[in-house]
Amino acid sequence: MCGIVGYLGEKNIKEILLEGLKELEYRGYDSAGIAVLNNGEFSNFKAVGKLINLEEKTKNFTTDGFAIGIGHTRWATHGKPTELNAHPHLGESSYVVHNGIIENYAELKKELIAEGVTFLSQTDTEVIVHQFEKNLKSAKNAFEAFEKTIKELEGAYAILLVTKEEDGTIFFAKNGSPMLVGIDSDGDKYFASSDTPLIGHCSDVSYFDDGDYGYVTKESITIFDKDGHTKQPRFQKLSTNKLSAQKDGYRFFMEKEIYEQSDVITDTLLGRLSHDEVVFEELESSLFDNINEIKFCACGTSYHSALVASYMFERYAKIKTSVEVASEFRYREPIMTKDTLFIVISQSGETADTLETLKMAKAAGLKTLVVCNVDNSSMVRLADATILTRAGVEKGVASTKAFATQVVVFWMLSLYLSKHNSTLSTEEIAQQVQLLREVPASVKVEDAMHERIKRLSKRYLHGHGFFFIGRDLFYPLALEGALKLKEISYLHAEGYPSGEMKHGPIALADPELFTIALLPEHLLYEKSKSNVEELSARDSTICAISPLEFDKADDYIQTKKQKSYMLEFFEMMVVVQLLSLEISVRLGNDVDMPRNLAKSVTVE
Ligand code: AGP
């Protein structure tokens, strides 16, 4: 989730671009840069790390009169966070910034290199500016070259491009990644990937639609739709509250992050599902050579996604898999063997206990992999290999989209490993890949479902506790649902394997004990149902989450009929996330910053 800004006009362009990037800081970044064209000359500045480093580099930079410029904060997906990989990217006489993933960048890059183009960065973005300048050689004008370039790109993008060939024009294109354009009372033009950088500058903005492209000059805004037909900007009033703008109108960051799971999972999948198999460009397949065991290690929600992974790795890749709580693993003098691949999972990449176990594994000579959401974090810098989840910044302390993208990565990785180990056929892998493509749709929040959960939550504000129960990989989901509820409602909740109820916990059953039962149709439904009937027979209050009606439930949240239990998993994940959110709201708690908790536990 990178951040993009652009400006065209006579005001202080450096200040406008840098302030705009600062407003995008909440989206997270590991490097940033600007490029300004003033009086026919380009000035370009880039810096890794905090935005203050970029401000330092530009402190003596000034412009005189009319200028155009673009800026970018990078959240690395392709290529490490370095100055070379920071945007804007330069061709010969043009700069580009981009948010999203160009899926066919490798083919385009190969052709360009064969034609003698030199690439400075490892990014997919740099392909755009070189392809544009290649097209410029044969085009009538810069716009024709830009239009041709856009039509050659596949994937998700929000692009701003400036060129010496037309120093009064900013070219734009939007497909899958957000971008809007604003205009101020002087007719100056402003671009951004979300509205906060425009607040205070523009009163009217127009949000681009997928497939829109075009250009702005001092005089005009020219937009073409995906079919090449001109269209008018649809201006609307811009909100004036920056914090609510960062929340995109949601009540809490956690709510926003639940709703954006569909989009971020699309990012997680981008470039990794090639035809009917899984590809991880960031991995050497040799990472799995001579590996007979996988050991996961994590904390909290990341531990839960590791538990989900263990079911998939053993089921699909037929490899012995174990999962450790990092704070326990650190001190129990574990036996580690070099045929074990040690995988740590962390949204932040900074959790102290998990980081220490990574160091232990490296010291013991094991190969290590980190699944993480923050590039350039401590764990990413330490591990032998990294898979980024691409969830974008997760502001809510209670993790949601990070968990969802971790599970998606593990599903893909289990299939990647099943191919490496030849444990699934090409057809079986293709079937799973097709299901993976349907995950974004399965996590889309529907108003009717959210309203149902909002109404239902009023019944679960007291009682002497909750059981979240599930079988197989719905057991880790039960753990995760219980953790979400504990974290933000402060009510006691336990996740439990459904089959364990009769081994003690059922003694707690009474009308004040609330059981949230995960009952997927396609995985051990009858067994799970009979476990829930044991509780219902002892008068526990049951809330069944299932595509199938369950007559013994006191409450029932009906989920969709899905093709696979994995799609049921993701839909039920959203239900338990929303349930904890709405209970917390009714209790008047601080959903985004619950008491006693921190987003990243960097101490023991
Ligand atoms: C999850 O909602 C919590 N915020 C917490 O359990 C978190 O998952 C845990 O602290 C691990 O954090 P990490 O993923 O950044 O390592």
* Subset of segment 378-401 (residues that are surrounded by 24 or more Cβ atoms within 10 Å (Cβ to Cβ) and of a type in the set (S, T, N, Q)) -> 389, 399, 400
* Structure fact -> Given the conditions (1) at pLDDT 90 or above; (2) within 19 Å of residue 199 (Cβ to Cβ); (3) within 20 Å of the chain's Cα centre (by Cα), every one holds for residue 98 apart from (2)
* To do: Could you list, in sequence order, all residues of segment 294-316 that are away from the ligand (no atom under 16 Å from the Cβ), buried (at least 23 other Cβ atoms within 10 Å of the Cβ) and among the aliphatic types (A, V, I, L, M)?
  => 294
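Just to check your reading of the model, which residue among 265, 335, 319, 291 is exposed (fewer than 15 other Cβ atoms within 10 Å of the Cβ), more than 14 Å from the ligand (Cβ to nearest atom), aliphatic (A, V, I, L, M) and at pLDDT 95 or above? Break it down stepwise before answering.
Details: 265 fails: exposed (fewer than 15 other Cβ atoms within 10 Å of the Cβ); 319 fails: exposed (fewer than 15 other Cβ atoms within 10 Å of the Cβ); 291 fails: exposed (fewer than 15 other Cβ atoms within 10 Å of the Cβ).
It is 335.
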* **Residue satisfying condition, being more than 15 Å from the ligand (Cβ to nearest atom), polar (S, T, N, Q) and touching a residue at least 40 places away in the same chain (Cβ under 8 Å), within set 562, 577** => 562
* Search result, residues across segment 437-459 that are among the aliphatic types (A, V, I, L, M) and either touching a residue at least 60 places away in the same chain (Cβ under 8 Å) or part of a loop (DSSP other than H, G, I, E, B) (or both) -> 439, 441, 443, 445, 449, 453, 456
* Structure fact -> Filtering segment 349-380 down to residues that are within 15 Å of the ligand (Cβ to nearest atom), in a helix (DSSP H, G or I) and either closer than 30 Å to residue 258 by Cβ or in contact with a strand residue (DSSP E or B) (Cβ under 7 Å, 6 or more places away or on another chain) (or both) yields 352, 353, 354, 355, 357, 358, 378, 379, 380
* Output the number of the condition that residue 188 fails; it satisfies all remaining conditions of (1) closer than 19 Å to residue 2 by Cβ; (2) modelled with pLDDT of 95 or more; (3) among the charged types (D, E, K, R). => (1)
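For segment 117-157, which positions are of a type in the set (Gly, Ala, Ser) and either surrounded by 24 or more Cβ atoms within 10 Å (Cβ to Cβ) or at pLDDT 95 or above (or both)?
Restricting attention to segment 117-157, the residues satisfying the condition of being of a type in the set (Gly, Ala, Ser) are 121, 138-139, 142, 145, 155-156.
The answer is 138, 139, 142, 145.
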* Can you name the number of the only condition in (1) farther than 29 Å from residue 354 by Cα; (2) within 16 Å of the ligand (Cβ to nearest atom) that residue 584 fails? -> (1)
* Structure fact -> Of the conditions (1) assigned to a loop (DSSP other than H, G, I, E, B); (2) more than 9 Å from the ligand (Cβ to nearest atom); (3) within 19 Å of residue 305 (Cα to Cα), the single one that residue 341 does not satisfy is (1)
* To do: Could you figure out which of (1) within 16 Å of the ligand (Cβ to nearest atom); (2) assigned to a loop (DSSP other than H, G, I, E, B); (3) of a type in the set (D, E, K, R); (4) free of Cβ contacts under 8 Å to residues at least 40 places away in the same chain isn't true of residue 324?
  => (2)
* Structure fact -> The one condition residue 96 fails out of (1) more than 23 Å from residue 228 (Cα to Cα); (2) in contact with a Leu (Cβ under 8 Å, 6 or more places away or on another chain); (3) not in a helix (DSSP H, G or I) is (1)
* Among residues belonging to segment 481-502 that are in contact with a Pro (Cβ under 9 Å, 6 or more places away or on another chain) and assigned to a strand (DSSP E or B), point out the one that is farthest from residue 463 (Cα to Cα). => 496
* Selection count where residues are polar (S, T, N, Q), touching a residue at least 40 places away in the same chain (Cβ under 8 Å) and either farther than 28 Å from residue 600 by Cβ or more than 16 Å from the ligand (Cβ to nearest atom) (or both), scope segment 478-519 -> 1
* Would you please list the contacts, defined by Cβ atoms under 8 Å and residues six or more apart or on different chains, that run from a residue in segment 344-371 that is touching a residue at least 60 places away in the same chain (Cβ under 8 Å) and more than 12 Å from residue 387 (Cβ to Cβ) to a residue that is more than 15 Å from the ligand (Cβ to nearest atom) and in a helix (DSSP H, G or I)? => 367/287
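Could you look through segment 397-431, keep only residues that are within 16 Å of the ligand (Cβ to nearest atom) and of a type in the set (A, V, I, L, M), and pick out the one that is nearest to residue 385 (Cα to Cα)? Steps first, please.
To start, the set of residues in segment 397-431 that are within 16 Å of the ligand (Cβ to nearest atom) comprises 397-410.
Those left that are additionally of a type in the set (A, V, I, L, M): 397-398, 402, 404, 407-409.
Working: 397: 26, 398: 27, 402: 19, 404: 21, 407: 18, 408: 18, 409: 14 Å.
For segment 397-431, the residue satisfying everything is 409.
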* Flag if residue 67 is over 33 Å from the mean Cα position of the chain (by Cα) and buried (at least 22 other Cβ atoms within 10 Å of the Cβ) -> yes
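The values are calculated or read from the model by the stated rules, or taken from the named source; none is laboratory data. The model shown is predicted, which means the values in this text are computed figures rather than measured ones. Every residue, glycine among them, receives a Cβ derived from its backbone with ideal geometry; neighbour counts consider all protein chains shown.
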